[in-house]
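Colleague: Have a look at this one before I ask anything.
The values are calculated or read from the model by the stated rules, or taken from the named source; none is laboratory data. It should be emphasised that the depicted structure is a prediction, and the values quoted were computed from it without experimental measurement. FYI the Cβ positions are ideal-geometry reconstructions off the backbone, even for glycines, and counts take in every protein chain you see. Heavy atoms of the whole protein, side chains included, go into the accessibility calculation; ligands, DNA and RNA do not. Shrake-Rupley method; radii C 1.70, N 1.55, O 1.52, S 1.80 Å.
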Amino acid sequence: MSSDTAIAAQPAGRAVVGHVYQSVKGYGGALGGLLILLVYLISTQPFFLTKANILNVLATNSPLMLVAVGLTFVILSAGFDLSVGSVMAATGVTVYFVLDAGAPAPVALVAGLATGALLGAGLNGLLIGGFRLNFFVVTLGTMTLISGLVQVSTNGSTYSIDSPGIFYAIGNGSVLGVPAPIWIALGAVLLAGAVLRFTPFGRAVYAVGGNREAARLAGINVTAVLISVYTIASLTAALAGLVMASRLSAASPTAGSTIALTAGAAVLLGGTSFFGGIGGISGTVVGVLLIAVLQNGLGLMGVSSFWQGVVTGTVLIAAVALDRLQSRGRA
């Protein structure tokens, strides 16, 4: 009897508890760690629980949340995308050049998002989904290629973007007292969660990640699914690039240089298996919040940014090790 069937046979109250348990068991460790961290910081850091700090943590980590949401699709399909940071930088630089050419802000925003979508579909998606090349080699190559092109086009310099209106509002506006980046990240989380849970495409992503050959024999267009997930990852990275460029009012060729590994750590911490087919968006949210709260707590305690990197790296290694142990347990 499958776990879902067993849950359905239980009384309503126990079935609800069973569904909740099944939903969180993949990221129970991360959720427990987050709760312990919250209790510790609330009891030791008076500024932590203030509205200003909470909103600042969520807004600052909105680009990370957006990238992690896109990477969840890729990792669920048993892949990874190292180039999302380069896509973020390319998006900001594209917006700068389009605005500098005299185009209105909406045109620049569309151009930035289109850049991300084209890089995801035309490079990563086509090479990995269409030509079945190794995802690690392809995305390592596109990361280097895109980063090099951005450096060449900007001569390695950061450019200020002076564009009031909708571009500025994306990163610095607010709705109902909540910064716009938080609303954007929340919208992406809800949309991605609904797609994965309730649509045939979402089920196809899980199937491709679980067993690619079985998915193909079941009639799923594996090539289309792989192209789609890498397009989604680049599109969410482009959106993260827009948010970051707007918040900084600048286009930097090094924007998002380390975000791929941090976002990947968040996805793995959230229970999504690096081997595909298992996980989801709710776990990714917990993983991002754990990293965000951890970094904020270290900052409030006066720990240097260098040591914060050491801690984040340690968390990444622990996440990969935990994923490996869970995979052995499922085997």
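Colleague: Given axes a ≥ b ≥ c from the Cα gyration tensor, I'd like to know whether segment 138-192 is rounded (a/c under 1.5), prolate (a/b larger than b/c) or oblate.
Modeller: Working: a/c = 4.72, a/b = 1.53, b/c = 3.09.
Here segment 138-192 falls in the oblate category.
Colleague: Also, quick follow-up: How much accessible surface does Val137 have with a 1.4 Å probe, in Å² rounded to 10?
Modeller: 100
Colleague: How much length, in nm to one decimal, is gained on full extension between Leu261 and Leu191, taken as 0.36 nm per residue of separation minus their Cα-Cα distance?
Modeller: Numbers: separation 70, 0.36 × 70 = 25.20 nm, distance 2.33 nm.
Gain on extension, Leu261 to Leu191, equals 22.9 nm.
Colleague: A further question follows. Under a GNM of the chain (C-alpha, springs under 10 Å), which listed residue has the highest mean-square fluctuation: Leu49, Leu76, Leu261?
Modeller: Residue with maximal mean-square fluctuation among Leu49, Leu76, Leu261: Leu49.
Colleague: Using a 1.4 angstrom probe on heavy atoms only, work out the carbon and sulfur share of the accessible area of the chain in %. Spell out each step's value before the answer.
Modeller: Details: 10800 of 15460 Å².
Result for the chain: 70 percent of the exposed heavy-atom area is carbon or sulfur.
Colleague: Also: If only Cα atoms are counted, what is the Rg of the chain, and what is its Dmax, in Å?
Modeller: Radius of gyration, then largest Cα-Cα span, for the chain: 20.1, 65 Å.
Colleague: So if each residue of separation counts as 0.36 nm, and I subtract the Cα-Cα distance between Phe275 and Asp162, what length gain in nm does that give? Spell out each step's value before the answer.
Modeller: Values: separation 113, 0.36 × 113 = 40.68 nm, distance 4.37 nm.
Here the answer is 36.3 nm.
Colleague: Starting from 0.36 nm per residue, how many nanometres of slack lie between Thr314 and Ile42 once their C-alpha separation is accounted for?
Modeller: Values: separation 272, 0.36 × 272 = 97.92 nm, distance 2.34 nm.
Here the answer is 95.6 nm.
Colleague: Pull out a ≥ b ≥ c, the square roots of the eigenvalues of the alpha-carbon gyration tensor of segment 179-283, then state rounded if a/c is under 1.5, prolate if not and a/b is larger than b/c, and oblate in the remaining case.
Modeller: Details: a/c = 2.09, a/b = 1.98, b/c = 1.06.
Verdict is prolate for segment 179-283.
Colleague: With n ≥ 4 as the cut-off for DSSP H runs, can you work out [θ] at 222 nm for the chain, using -39500 (n - 2.57) per run divided by the number of residues, rounded to the nearest 500? Each step should come with its number before you reach the end.
Modeller: Details: 16 runs with 240 residues, N = 331.
Rounded to the nearest 500, it is -23500 deg cm²/dmol.
Colleague: Next question, about the same structure. Mind giving me the nanometre distance, one decimal, between the label points for Ser174 and Leu118, set 7 Å out from Cα along Cα→Cβ?
Modeller: 3.7
Colleague: A follow-up question, please. State whether segment 67-194 is rounded, prolate or oblate according to the following rule on the C-alpha gyration tensor (a ≥ b ≥ c being the square roots of its eigenvalues): a/c under 1.5 gives rounded; otherwise a/b larger than b/c gives prolate, and the remaining case gives oblate. Kindly include the intermediate steps, with their values, before the conclusion.
Modeller: Details: a/c = 2.39, a/b = 1.26, b/c = 1.89.
It comes out oblate by the Cα gyration axes.
Colleague: Oh, and also: Could you please put Asp162, Asp81 in sequence from largest to smallest accessible area, using a 1.4 Å probe?
Modeller: Numbers: Asp162 145, Asp81 0 Å².
I get Asp162, Asp81, largest accessible area first.
Colleague: Dipole magnitude of segment 65-224 about its Cα centre, charges +1 at Lys/Arg Cβ and -1 at Asp/Glu Cβ only, in debye to the nearest 20?
Modeller: On the way: 5 positive and 4 negative charges, 114 e Å.
The dipole magnitude comes to about 540 debye.
Colleague: Something else: Once you put a point 7 Å from the Cα of Met301 and another 7 Å from the Cα of Thr50, both along the Cβ direction, what distance in nm separates them?
Modeller: 2.0
Colleague: Using 7 Å Cα-to-Cβ label points, what is the Asn211/Phe131 separation (nm, one decimal)?
Modeller: Reported label-point gap for Asn211 and Phe131 is 3.1 nm.
Colleague: Moving on. Just to verify a number: what accessible area does Arg203 come out at with the full protein assembly present, 1.4 Å probe, Å² rounded to tens?
Modeller: Ignoring ligands and nucleic acids, Arg203 comes out at about 130 Å².
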